[in-house]
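Trainee: Okay, here's the structure, questions in a sec.
Read the figures in this text as sums done on the coordinates, not as results from a lab. Values in this document were obtained by computation on a predicted structure and should not be read as measured data. Quick reminder, even Gly has a Cβ in these numbers, built from the backbone with ideal geometry, and neighbours come from all protein chains shown.
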Amino acid sequence: MQKISVRGGKVLKGEVSISGSKNATLPVMTAALLGESPSILKNVPLLNDIKTMAEVLRKLGSKAVMEDHQLKIDPAGFNKFEAPYELVKTMRASIYSLGACLARQGEAKVSLPGGCAIGARPIDLHLKGVEQLGAKVTIEHGFVHAKASKLKGATIYLAGPHGPSLGATVNVLLAATAAEGTTVIESASIEPEVEELVNFLNAMGASIEGVGTSRLVITGKKILKGVEYSVIPDRVEAGTFMVAAAVTRGDVLLKNAKTGHLTSVTEKLRQIGVSVEAEPGGIRVKGNGNYKPADVMILPYPGFPTDMQAQIMALLAIVPGISIVTETIWENRFMHVFEMNRMGADITIDRSHAVVKGVAKLTGAPVMASDLRASAALILAGLVAEGETLVQRIYHLDRGYEKIEEKLSVLGADISRVN
Ligand code: EPZ
C-alpha cells in the first residue's frame, strides 16, 4: 500500500499547471457514445476515474484509447447496455451509462451504486428523469434496468432535497437527445461540468438551449457526430492548490485556472485575508501571516463547493478565532475532521456544522484518508504541520488528482510517495 509522506514547513512558490477537469471529462466521455463517428477529447486528466470510465465504455462495446492527455472514443461497436457492479462500485459516475444506453439502444442495465464514504448518494432523481421520458424502470438483483421502446420529450423538475443534481441532469440530458420532441429540464444543475456537457453535445449537433442556466430545453432526435474537444480545467484541483499556497503563506501562479469557476472560493479566501488575483494565463495566490476566521456555507454552484469543504477546513484549522463550516450537500462529509484533530486541530461537529477553533500549530501524524477530497485536505494540513504526516489509503487521491505530489514538490513542498 502506497502512502504520501509530507514534512511541513516549506513555503510554496512558483507555477503549477492545472489539469483537465475530472468531473467534466466523465460525462463528456459518456456523451461521445452518442455520436455516429469517433470523438477526440483533449486535456483529459491522467486519473484512475478516467481509466475506469474508459473501461465502462469498452464494456459497452465501444473503443476508448488514451494517449498522453488525449482520449479517442470510437462508438462504432457500442451495442451492449450493461455496466457491471465491479466498475460501478469503484466509480459512481458509471451511472451515466444509464442515459447513454437508453438513448442509443433503448435499454440500460446498471448496477446500483449504493452509498459511499460521504453519504447515502441516492439516484431517485436520475430514475424519475428517465421514467418521465418514457422508460420503464425496475430494480432487481442490485441492478437498475430501464427500457424504452420510444423516448418522448417531457418537462422534468430535477431538484432534490439538497438542490439540483449534477448526475441526474447529465443522465436526463443524454437520454433527452434521443427523445421525440422537446424536453425541458427545470431546476437543472448549473455546475460548470453540466455546462461543459451541454457545450459538447451541441458541438456534436444536439440542440440544447439555456446553456449555463437552470432551465435546459432539448430538442431531441438530432443526428450527432463525433468532434474534437478540449476539456475545461479542473476547478477543484485549482481550489486545492489555492489553499496550498494560502496555508503555507506562499506565492503560487495557477496556470490555466478559470477565475469564473472559482468565484466563491476566491471570495472566501479573500475574506480570510489571502490575496487572489487574476493574471494573464492564470490566478496568482499569495498567502501571509495575518488571517481572520470565516464561516463557510456549502451550497450548490455558484455557492461554495462541497468538493472544497475539507480543503478550506485545513486552512481554517490554523486561523486564530472560530470558524463555522456548514455542509449542506453530503450528510457524512466530515470524516477528515477526526484525522485533522489527531494532528492537533480543534474541530467539533454538531450535525451539519463543524466548529473550527484555530490552533497555533498542527503536528504531523499518520492519518487515514476517507475520500478523494479528504485525502487532499490531509496533505494540505501536512504542508503546515510540524514533522511528518503520513497519509494512508491514497488510492482515493489517485482517482482525482493528477500527480499531486509531483506538482507540490515542484512548488517546494517536502512530499513523496512511499511504499
Ligand atoms: C457530483 O456528484 C460530483 N461527482 C461530486 O464530486 C460533487 O460533490 C457533487 O456533484 C456536488 O457538486 C462527479 O461529478 C463525478 P449530485 P453527484 O447528484 O452528481 C442529492 C468528487 O469529489 N441527490 O449533484 O453524484 C444528493 O444526495 C465528487 O469529485 C438526490 O437526492 O452529486 C446530494 O445531496 C464527490 N437524488 C445532492 O442531490 C438523486 O437522485 C447533489 O448530488 C441525486 C442526488
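Trainee: Convert each backbone phi in the stretch 357-362 into a coupling constant with the Karplus relation 6.51 cos²θ - 1.76 cosθ + 1.60 (shift: θ = phi - 60°), then list the ³J(HN,Hα) values in order as whole Hz, x for Gly and Pro.
Mentor: Running phi through 6.51 cos²θ - 1.76 cosθ + 1.60 with θ = phi - 60° gives 9, x, 10, 6, 7, 9 Hz.
Trainee: For GLU67, what charge total do you get from the other residues with a beta carbon under 15 Å from its beta carbon, if Lys and Arg give +1 and Asp and Glu give -1?
Mentor: With Lys, Arg at +1 and Asp, Glu at -1, the neighbours total +1.
Trainee: Further, regarding this structure: I need the shape label for the chain. Rule: rounded when a/c is under 1.5, else prolate if a/b > b/c, else oblate, with a, b, c from the alpha carbon gyration tensor.
Mentor: The shape class here is prolate.
Trainee: Taking the DSSP beta bridges in the stretch 310-404 as the whole, what percent of them are antiparallel, to the nearest 5?
Mentor: Bridges in the stretch 310-404 are about 70 percent antiparallel.
Trainee: Nearest 5 is fine: what % of DSSP beta bridges in the chain come out antiparallel, could you say?
Mentor: Of the beta bridges lying entirely in the chain, close to 75 percent run antiparallel.
Trainee: Of the beta bridges DSSP finds with both residues in the stretch 225-340, what % are antiparallel, to the nearest 5?
Mentor: Antiparallel: roughly 75 percent of the beta bridges in the stretch 225-340.
Trainee: Under 5 Å between amide H atoms, partner at least 5 residues away or on a different chain: which partners does VAL296 have, H built in plane at 1.01 Å?
Mentor: ILE324, VAL325, THR326
Trainee: So, one more: Mind pulling the angle between the C-alpha long axis of helix 48-59 and the longest principal axis of the chain? Nearest 10 degrees, somewhere in 0 to 90.
Mentor: Relative to the chain, helix 48-59 is tipped by roughly 10 degrees.
Trainee: Mind listing the long-range amide H neighbours of LYS63? Cut-off is under 5 Å, sequence gap 5 or more, other chains count too, H placed in the peptide plane at 1.01 Å from N.
Mentor: ASP74, ALA76, GLY77
Trainee: With everything on Cα atoms, drop me the angle between helix 192-204 and the longest principal axis of the chain, reported from 0 to 90° to the nearest 10.
Mentor: 30 degrees
Trainee: Expected output is a single nm value to one decimal: the length gained when fully extending between LYS72 and THR348, i.e. 0.36 nm times separation in residues minus the C-alpha distance. What is it?
Mentor: Gain on stretching LYS72 to THR348: 94.6 nm.
Trainee: Which ³J(HN,Hα) values, rounded to whole Hz and listed in residue order, are derived for the stretch 275-292 from phi using the Karplus coefficients 6.51, -1.76 and 1.60 in 6.51 cos²θ - 1.76 cosθ + 1.60 with θ = phi - 60°, glycine and proline given as x?
Mentor: Result, rounded to whole Hz: 8, 10, 9, 6, 10, x, x, x, 10, 9, 10, 10, x, 7, x, 10, 9, 10.
Trainee: Take the alpha carbon gyration tensor of the stretch 268-419, find the square roots of its eigenvalues, order them as a ≥ b ≥ c, and report rounded if a/c is under 1.5; if not, report prolate when a/b exceeds b/c, else oblate.
Mentor: rounded
Trainee: Further, regarding this structure: Rounded to whole Hz and in sequence order, give me ³J(HN,Hα) for the stretch 11-25 from the Karplus expression 6.51 cos²θ - 1.76 cosθ + 1.60, θ = phi - 60°, writing x for Gly and Pro.
Mentor: Per residue, the Karplus-derived 3J(HN,Hα) values read 8, 7, 9, x, 10, 9, 8, 7, 7, x, 6, 4, 6, 8, 5 Hz.
Trainee: Find, among the GluC sites (Glu not before Pro) in the stretch 314-386, those assigned to loop by DSSP (not H, G, I, E, B) with at most 16 other beta-carbon atoms within 10 angstrom.
Mentor: Counting only loop positions with at most 16 other Cβ atoms within 10 Å, the GluC sites (Glu not before Pro) in the stretch 314-386 are GLU331.
Trainee: For every other residue with a beta carbon closer than 11 angstrom to the beta carbon of ALA314, add +1 if it is Lys or Arg and -1 if Asp or Glu, then tell me the sum.
Mentor: In short, 0.
Trainee: I want to check a number: in the stretch 171-309, how many lysine pairs have alpha carbons closer than 25 Å, given a sequence separation of 8 or more or different chains?
Mentor: Lysine pairs meeting the criterion: 6.
Trainee: Would you mind checking which residues have amide H under 5 Å from ASP414's amide H? H placed 1.01 Å from N; only 5 or more apart, or other chain.
Mentor: ARG7, LYS10
Trainee: Can you check what the net charge comes to around ALA385, using other residues whose Cβ is under 9 Å from the Cβ of ALA385 (Lys, Arg +1; Asp, Glu -1)?
Mentor: 0
Trainee: Determine the alpha carbon to alpha carbon distance for each of LYS63/LYS147; LYS51/LYS357; LYS59/LYS147 and list only those over 29 Å.
Mentor: Exceeds cut-off: LYS51/LYS357.
Trainee: For helix 263-272, what angle does its Cα long axis make with the longest principal axis of the chain, in degrees from 0 to 90 and rounded to 10?
Mentor: Long axis of 263-272 versus the principal axis of the chain: about 10 degrees.
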